[in-house]
1. Report yes if residue 183 is in a helix (DSSP H, G or I), at negative phi and over 32 Å from the mean Cα position of the chain (by Cα), otherwise no.
2. For the stretch 56-95, give me the residue count where each residue is within 16 Å of ligand 1 (Cβ to nearest atom) and in contact with a helix residue (DSSP H, G or I) (Cβ under 8 Å, 6 or more places away or on another chain).
3. Would you point out which residue out of 173, 168, 251 is more than 16 Å from ligand 1 (Cβ to nearest atom) and within 25 Å of residue 83 (Cβ to Cβ)?
4. For the stretch 298-305, does any single residue satisfy the condition of being in contact with a strand residue (DSSP E or B) (Cβ under 7 Å, 6 or more places away or on another chain) and farther than 30 Å from residue 97 by Cα?
5. Scan the stretch 246-264 for residues that are more than 11 Å from residue 299 (Cα to Cα), crowded, with 22+ Cβ neighbours inside 10 Å and at pLDDT 85 or above and jot them down.
6. Just one of (1) under 26 Å from the mean Cα position of the chain (by Cα); (2) crowded, with 20+ Cβ neighbours inside 10 Å; (3) at pLDDT 90 or above trips up residue 235, so point out which.
7. Could you list, ordered by first residue, the pairs with Cβ atoms under 8 Å in which the first is in the stretch 106-117 and more than 21 Å from residue 42 (Cα to Cα) and assigned to a loop (DSSP other than H, G, I, E, B) and the second is modelled with pLDDT under 95 and away from ligand 2 (no atom under 12 Å from the Cβ), at least 6 apart or interchain?
8. Filter the stretch 265-284 for residues that are at pLDDT 95 or above and more than 16 Å from the chain's Cα centre (by Cα); which is nearest to ligand 2 (Cβ to nearest atom)?
Ligand code: ATP
Ligand code: MG
């Protein structure tokens, strides 16, 4: 028997509805903010990532799926989405028509140790915004992230953390101070960090191995920001406050990637253990120029879909499979009546799952409950004779009987939630 590769899984039909629900929420919200989809190839040249993501990053050092094709080109499966967006931006001279707002959605590949919330093929949703330089853009992007989290029912489980990583002006001197400080503590650091000390000392700040007291005493970027970076950070915080968006300043958050400038943010969930980041992003003003393009500020983020879905499971948010579950219990006349009603509802744009396997009213209602549709349309012998229908709102148990002409209107009026999530109590 041939099995799936380690760290890689099927998404079976029982689960794919939830994926589609998440994807559709994301697409809808991204569109509200003016983003359009950019679809990039699943594989690219290795050097795209070694340059964009950075030689010292975990991704490039040890996580990429690298291969040589039959023509001898060094290629790899994409481990993340930003580098491809930047490549596409430069290749198509998008700097001429700023701003450029794009989103992507799809599989990424990293050779990591598989565990809960960590896979070798996983899926990300992300946005990139090229052009605007000020904190307004950062704030709008965080508003977008929080709106998406709210839309899928998990905002309460997630905290937005923000920090500033400075810019080339202030980060260099800060890095030197930090390195000097860390050198004095060298023997107290974990093996990994001792190695990082010269190559990527900022990574020590978010090392999970170091003890908290040691980290608390380290010099902080925030105290070493230049005037421009401090004003940017304060501008961002001001916008978030005025929008009433919840966030937490985390001075120890550093992103693993060299290209971040100023704003960095993460959305973290308590419930997910070590794999607790559901979204990560920030500003990368230097990257386009670094990759050979016309210098253009940019800000972006990526979310891990598997982790979002895990939280949605925990919050018991389910994608409604249909707007309506149609129960038709009785003889052939009743069933034919039901079939016609289902078509009428679909004609009106509603999605309908009709019970097609017969059985008693009781057993059909059980299926209706399991389907998670917000409303059941119920017909039996009597309803069919009188050209009436019964409808039951599954959440409240409330039931009413109406003439058939009023069905569509009633379902529509009550089903403001149609196509959205329903919260199911366990
Ligand atoms: P982590 O610290 O968990 O390794 P990361 O910093 O490598 O995350 P990013 O490269 O910023 O993650 O990717 C953005 C998001 O993609 C993460 O916040 C996470 O939700 C998700 N993600 C990253 N790697 C994986 C993976 N191997 N499996 C599942 N989701 C992942
Ligand atoms: Mg990682």
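1. yes
2. The total comes to 12.
3. 168
4. Narrowing the stretch 298-305 to residues in contact with a strand residue (DSSP E or B) (Cβ under 7 Å, 6 or more places away or on another chain): 298-305.
With the extra rule that they be farther than 30 Å from residue 97 by Cα, the set shrinks to 305.
For the stretch 298-305, residues in contact with a strand residue (DSSP E or B) (Cβ under 7 Å, 6 or more places away or on another chain) and farther than 30 Å from residue 97 by Cα: present.
5. 253
6. (2)
7. Every condition considered, the pairs that remain are 116/272; 116/273; 116/310; 117/272; 117/273; 117/310.
8. Ranking the candidates gives 284 first.
The values are calculated or read from the model by the stated rules, or taken from the named source; none is laboratory data. The shown structure was predicted, so the numbers you read here are calculated from the model rather than taken from an experiment. As a convention, Cβ positions derive from the backbone with ideal geometry for all residues, glycine included, and neighbour counts pool all protein chains shown.
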